[in-house]
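The next block holds one structure in the form of structure tokens; read it before the comments.
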Amino acid sequence: MLAVIGGSGLAQLGNLEVRRRKRARTPYGKPSGALAFGCIADCDVVFLARHGDGHSIAPHEVNYRANLWALKDAGASEVVAVAAVGAIRRDLEPGALLLPHQLIDYTWSRSSTYFEGSGAPVNHIDFTEPYSRELRARLLNAALACGERMVDGGTYAATQGPRLETAAEIDRLERDGADVVGMTGMPEAALAREISLQYAAITVVANYAAGRGDSRRAVPLDRIGAVLEEAMGRVCNIIDRLCRQ
């Protein structure tokens, strides 16, 4: 079963034939919302909106542990996570799709492991490559097959949010080697690795990051909705083709 986590701009998967919904319970509390089960072609798919119904859960308040646990418990073996980001790299324009291969974590105080508390074993996961190489390759092939352009590779900077960054902070992230910036990449990727879920992320450039392009003076928040609406249609095309491989 393929799991899809929808971020800002993707509250539902339009090409998913939903057969049932389930309100899951986990040892780590409630997930962001109901799991939607269905099929795309002959592929079993479960969808979860990361920010809940009505986009009501802020990035730092998402129960990442419950979300990943619920998807694993439902039978998922791999996760495609969709996330809106700001472009640090100047050649990435709003609406661009990028498949990151690396990330840097700048978040804090988020529940970031399943291995903690009294009696829990110490567990060190290898995180050299935070995204599944095999699942990334399949997503790239799917994009090519349906004629959707997706940039292969980049470094995702995961910041705390919910506020956007200052121009000076974006300058720092650029010096650190980041190409895009978002607020939900961690601990989601690490938690997936801890419970052996293959995980890859499709990032959708919603805007230029602070101090870049038309965000030089201020991020044009009023334009983001239209950018995401158009781009998420292309993301759904890629997921549809992934399911038909």
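The values are calculated or read from the model by the stated rules, or taken from the named source; none is laboratory data. As the structure is a computational prediction, the values presented were derived from the model and not from experiment. FYI the Cβ positions are ideal-geometry reconstructions off the backbone, even for glycines, and counts take in every protein chain you see.
Numbers below:
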quantity	calculated
Yes/no for A167 being in contact (Cβ under 8 Å) with a residue 24 or more places away in the chain and at negative phi	yes
Close pairs (9 angstrom Cβ cut-off, 6 or more residues apart or separate chains): part of a helix (DSSP H, G or I) in the range 124-150, aromatic (F, W, Y) and modelled with pLDDT of 95 or more anywhere	L135/Y199
Hey, R110 in a loop (DSSP other than H, G, I, E, B), touching a residue at least 40 places away in the same chain (Cβ under 8 Å) and under 30 Å from R149 (Cα atoms) or not	no
Within the range 184-202, considering residues that are under 24 Å from E116 (Cβ atoms) and among the hydrophobic types (A, V, I, L, M, F, W, C), the one surrounded by the most Cβ atoms within 10 Å (Cβ to Cβ)	A192
Residue ID - nearest to the chain's Cα centre (by Cα), chosen from residues in the range 104-124 that are exposed (fewer than 15 other Cβ atoms within 10 Å of the Cβ) and hydrophobic (A, V, I, L, M, F, W, C)	W108
Options V181, V227, V235; residue that is surrounded by 18 or more Cβ atoms within 10 Å (Cβ to Cβ) and part of a strand (DSSP E or B)	V181
Tally, over the range 184-220, of residues that are closer than 30 Å to R138 by Cβ and in a loop (DSSP other than H, G, I, E, B)	8
Pairs where the first residue, in the range 5-21, is farther than 18 Å from C39 by Cβ and among the hydroxyl-bearing types (S, T, Y) and the second is at pLDDT 95 or above and surrounded by 21 or more Cβ atoms within 10 Å (Cβ to Cβ), C-beta under 6 Å, 6+ apart	S8/A84
Selected residue [over 30 Å from K22 (Cβ atoms) and modelled with pLDDT under 95] from R149, R133, R90	R90
